[in-house]
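Quick notes on the structure that follows.
Just so it is clear, none of the values below were taken in a lab; they were calculated from the coordinates. Not measured: the values here are computed from a predicted model. Don't worry about glycine lacking a Cβ; one is built from the backbone with ideal geometry, like all the others, and counts go over all protein chains shown.
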Amino acid sequence: MALRPPNRRLPAGAPVPLIVLAAAGASFFVLPLLGLLIRTPWGSAWALLTSSEALTALRLSLLASLSATAIAVLLGVPLAWIYARVTFPGRAVLRALTVLPMVLPPVVGGVALLLAFGRRGLIGGWLADAFGIHLPFTTAGAILAETFVAMPFLVITVEAGLRAMDTRFEDAARTLGARRWTVLWRVTLPLVRPSLLAGAVLCWARALGEFGATITFAGNFPGRTQTMPLAVYLALETGPQSAIVLSLVLLLVSLAVLVGLRDRWLGAS
């Protein structure tokens, strides 16, 4: 006698207290976003969004976040591959340090960057003396801060994809005489492409919304380090309506990223 598959549907009747608590939990997230939508000055939103200050902050945000994502892909994919495929002493500790910026207060991350890359930091003075590179309070510093905070999202996503993929395809390619680089480019990376895309988009979205490490390490200088989150912070004191419009843009970008990751790349329903 064949066994019937378990019924995965939700119970017909949920307990009322559970529904009330769930509704309160959902309202905790919905109400602030609803308040933002209601208070948005729709009549002047386009004018505020196309102002010189907003456009400058938007251009700088795109430059910094896309540059941070490119650096994260360049450095993070090999790092994820090492974590997934190579066993060495201290791997768990090094991996924990890699993902630490995900839970570290961003301001603390900015202070750590200053102590490492500042003029009196561990290598900041050497970079300035040997190559004339000054990172704090520059656009490059903003990119570095965003990379530091956002790259862990790419690393853990790609590492998860590497651990979940079927390594028999790689073994078969090696058996047929393919070299390591050929296997990497023609087999491994195509198989983890969904994870790589998801990690890159998450990394970009996190970099786009970065605030604490950026303002601590790079400052808040219009046209040089003032990204959109920093422009929102400044506009709250000088022009609240502009702050609301810029916040709405960041909200829509974040929402689009989450929806896109769920329905397109991760294949969830």
**Prompt:** Once amide H atoms are placed 1.01 Å from N in the peptide plane, what residues at a sequence separation of 5 or more from GLY219, or on another chain, have their amide H within under 5 Å of its amide H?
**Reply:** PHE137
**Request:** Would you work out which of ALA207, LEU252, ALA173 lies farthest towards the positive end of the dipole of the range 168-269? Charges go on Cβ: Lys and Arg +1, Asp and Glu -1.
**Result:** ALA173
**Prompt:** About its Cα centre, what dipole magnitude does the chain give when the only charges are +1 on Lys and Arg Cβ and -1 on Asp and Glu Cβ, stated in debye to the nearest 20?
**Reply:** 920 debye
**Top positive-direction residue, dipole computed over the range 59-265 with Cβ charges, set THR98, GLY121, ALA64** = THR98
**Request:** Give the shape of the range 144-264 as rounded, prolate or oblate, defined through the alpha-carbon gyration tensor: a ≥ b ≥ c are the square roots of its eigenvalues, a/c under 1.5 means rounded, and otherwise the shape is prolate if a/b is larger than b/c and oblate if not.
**Result:** prolate
**Prompt:** For the range 47-191, what is the Kirkwood hydrodynamic radius in Å, using each pair of distinct C-alpha atoms?
**Reply:** 17.8 Å
**Fill in**
Going residue by residue through the range 59-71, the Karplus relation 6.51 cos²θ - 1.76 cosθ + 1.60 with θ = phi - 60° gives ³J(HN,Hα) values, rounded to whole Hz and with x marking Gly or Pro, of 4, 5, 5, 5, 4, 5, 5, 5, 5, 4, 5, 4, 5
**Request:** Work out Dmax and Rg for the chain from the C-alpha atoms and quote the Rg first, both in angstrom.
**Result:** 22.7, 80
